[in-house]
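A.B. asks: Just dropping this structure here.
The values are calculated or read from the model by the stated rules, or taken from the named source; none is laboratory data. Computed from a prediction, not measured in an experiment: that's the story for all the values here. Because the Cβ atoms are built from the backbone with ideal geometry, glycine has one as well, and the counts that use them run over all protein chains shown. To get the accessible areas, we keep the full protein, side chains included, count just its heavy atoms, and leave off ligands, DNA and RNA. Shrake-Rupley method; radii C 1.70, N 1.55, O 1.52, S 1.80 Å.
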Amino acid sequence: MRLEKCWFCSSTVYPGHGIQFVRNDAKVFRFCRSKCHKNFKMKRNPRKVKWTKAYRRLRGKDMTQDSTFEFERKRNRPERYDRNVTEQTLKAIPLITKIRHERQKTHISDRQKQGKSKQREKDAKEVEQDFHMLPKMLQETKVKVRVTQQQTEDNVMEE
């Protein structure tokens, strides 16, 4: 069973599904659904359409290079299969998917760290600008914290 990739969104096209378009120069385009086919006919660039994998890879939202992607690569030349090699490959598939999911989780968490740090800086700046709007109790604690930070810096410089 041959699983093809959609030309527009890069999702898998299972046998008996999707649409196939053959251009005059005999180039074959496979689409997973009519949404991809219609966008192709409208001459839209997959790198500019936000829901495609090409867009996500271009913007750094998906992993682009990883050794686990080698297994999904399309091979046009026929290979001679050996039973032992096939057995080992089938046993390795769950391990490979587990590794890929872990790497995707770390990729996503690394991307989110940048946003969290920017949000913290933005919040700190907002507190500094609108400090007078805080209740008196919070203003006093803020002053205490500032003093203790200055004292610790002085202590470090003395040592």
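A.B. asks: Round to the nearest 10 and report in Å² the accessible area of residue 131, as given by a 1.4 Å probe over the protein chains' heavy atoms.
C.D. replies: Accessible surface of residue 131 is approximately 40 Å².
A.B. asks: Further question: When you count, for each residue, the other Cβ atoms within 10 Å and take the mean per peptide, how do 47-56, 24-33 rank with the highest first?
C.D. replies: On the way: 47-56: 14.5, 24-33: 12.7.
Per-residue Cβ counts within 10 Å, averaged per peptide and sorted highest first, yield 47-56, 24-33.
A.B. asks: In nm, to one decimal, how far is the residue 123 label point from the residue 107 one, both placed 7 Å along Cα→Cβ?
C.D. replies: That separation, rounded to one decimal, is 2.8 nm.
A.B. asks: Using per-residue counts of other Cβ atoms within 10 Å, averaged over each peptide, order 11-20, 113-122 from highest down. All intermediate terms of the calculation are to be shown ahead of the outcome.
C.D. replies: On the way: 11-20: 13.1, 113-122: 9.8.
For the peptides 11-20, 113-122, the packing ranking is 11-20, 113-122.
A.B. asks: Additional query: On a 28 Å Cα-Cα criterion, which of the cross-link pairs 38/116; 38/98; 5/105 come out too long? Mind showing how you got there, number by number?
C.D. replies: Details: 38/116 38 Å; 38/98 35 Å; 5/105 24 Å.
Violating the 28 Å Cα-Cα cut-off are 38/116; 38/98.
A.B. asks: Please work out the FRET efficiency for the pair residue 88 and residue 34, using the Cβ-Cβ distance as r and a Förster radius of 30 Å; give the result to the nearest 0.05.
C.D. replies: 0.15
A.B. asks: Give the long-range amide H neighbours of residue 4: residues separated by 5 or more places, or on another chain, with amide H under 5 Å away, using H modelled in the peptide plane at 1.01 Å from N.
C.D. replies: 13
A.B. asks: If I ignore ligands, DNA and RNA and count only protein heavy atoms, how much of residue 42 is accessible to a 1.4 Å probe, in Å² to the nearest 10?
C.D. replies: In the full protein context, residue 42 sits at about 110 Å².
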